[in-house]
């Protein structure tokens with residue numbers, strides 16, 4: 001259900017507050033907020049949010065949920081977005097974190113995200129790294145960055161699942177559908193993922209195990225929203241083909 005907006009819990013750039021003031025009432029009017037699980041979000045201190053990825057507008061839906069619960073999130077976003085003249089400047093001014101995949105700068109993204117979490121911020125990552133290619137729109141196998149970041153910081157990892165954004169902007173679509181139909185946007189936060197036995201380890205096996213636990217938690221929360229059973233095996237994308 002809709003949540004009465006709470007005061008922001010961290011120092012937030014003026015530009016970010018301006019974006020919130022502009023977009024929050026628009027999103028509230030355009031969508032129906034079917035929200036739950038807010039009690040699982042920390043009251044204080046930095047934490048990591050891991051979510052599923054259905055539509056290009058997912059970040060707006062997740063951000064709307066988090067902002068109304070008092071957290072102005074910082075997203076890990078593809079570095080290419082920061083190269084777009086106007087958008088790139090906006091993302092930088094909003095404190096978002098570029099992700100440099102497949103380069104020597106890749107580790108810098110995790111260090112910047114870890115510093116933000118340790119500074120008390122809420123950092124959001126969509127571990128699949130792209131829209132899910134699973135035919136049923138379930139979370140697919142994720143990149144290990146989320147596991148590495150979780151183990152680097154030891155901060156709470158909150159799984160968040162959302163469902164409904166794909167009805168407003170379907171995957172790969174360039175135009176929204178039923179813009180004024182007030183589509184229901186289901187967003188739910190689950191309990192923190194148990195990773196205490198892995199925190200502090202830096203080996204790839206630990207990162208892989210942590211990532212799988214996180215994605216299993218995200219999938220479980222999504223299954224609760226959809227009231228359906230997820231696939232027994234996670235979809236693996238080859239990095240090229242679409243469904």
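General observations
- The set of residues in region 180-230 being more than 23 Å from residue 153 (Cβ to Cβ), out of contact with any helix residue (DSSP H, G or I) (no Cβ under 6 Å at 6 or more places or on another chain) and modelled with pLDDT of 95 or more consists of 222, 223, 224, 225, 226, 227, 228, 229.
- Residue count for region 1-21, restricted to those that are surrounded by fewer than 11 Cβ atoms within 10 Å (Cβ to Cβ) and assigned to a helix (DSSP H, G or I): 2.
- Only residues that are surrounded by 14 or more Cβ atoms within 10 Å (Cβ to Cβ) and in a loop (DSSP other than H, G, I, E, B) were counted in region 22-44, giving 3.
- Hits in region 109-128 - residues which are more than 24 Å from residue 187 (Cα to Cα) and outside any helix (DSSP H, G or I): 119
- Sub-8 Å Cβ pairs linking a first residue in region 33-47 that is at negative phi and in contact (Cβ under 8 Å) with a residue 24 or more places away in the chain to a second residue that is surrounded by fewer than 17 Cβ atoms within 10 Å (Cβ to Cβ) and assigned to a strand (DSSP E or B), at least 6 apart or interchain, are 34/184, ordered by first then second residue.
- Filter pass, residue 188 being surrounded by fewer than 16 Cβ atoms within 10 Å (Cβ to Cβ), closer than 25 Å to residue 67 by Cβ and touching a strand residue (DSSP E or B) at 6+ places or on another chain (Cβ under 9 Å): no
- Residues located in region 100-128, provided they are closer than 22 Å to residue 64 by Cβ and either at pLDDT below 90 or crowded, with 18+ Cβ neighbours inside 10 Å (or both): 113, 116, 117, 121, 122, 123, 124, 125, 126, 127, 128
- Only a single item in (1) in contact with a strand residue (DSSP E or B) (Cβ under 8 Å, 6 or more places away or on another chain); (2) part of a helix (DSSP H, G or I); (3) in contact (Cβ under 8 Å) with a residue 24 or more places away in the chain is not met by residue 167, and it is number (3).
- Qualifying position, being at pLDDT below 75, in contact with a helix residue (DSSP H, G or I) (Cβ under 6 Å, 6 or more places away or on another chain) and within 28 Å of residue 225 (Cβ to Cβ), among 97, 67: 97
- Residues of region 1-49 satisfying the condition of being within 20 Å of residue 163 (Cβ to Cβ) and within 18 Å of the chain's Cα centre (by Cα): 27, 33, 34, 35, 36, 37, 38, 39, 40, 41, 49
- Lone qualifier among 162, 166 - being modelled with pLDDT of 95 or more, within 22 Å of residue 68 (Cα to Cα) and surrounded by 15 or more Cβ atoms within 10 Å (Cβ to Cβ): 162
- The set of residues from region 129-164 being in a loop (DSSP other than H, G, I, E, B), over 20 Å from residue 191 (Cα atoms) and touching a helix residue (DSSP H, G or I) at 6+ places or on another chain (Cβ under 9 Å) comprises 129, 131, 137, 140, 141, 143, 144, 164.
The values are calculated or read from the model by the stated rules, or taken from the named source; none is laboratory data. All values derive from a computational prediction rather than experimental measurement. Here Cβ is always computed from backbone atoms with ideal geometry, including for glycine, and neighbour counts include all displayed protein chains.
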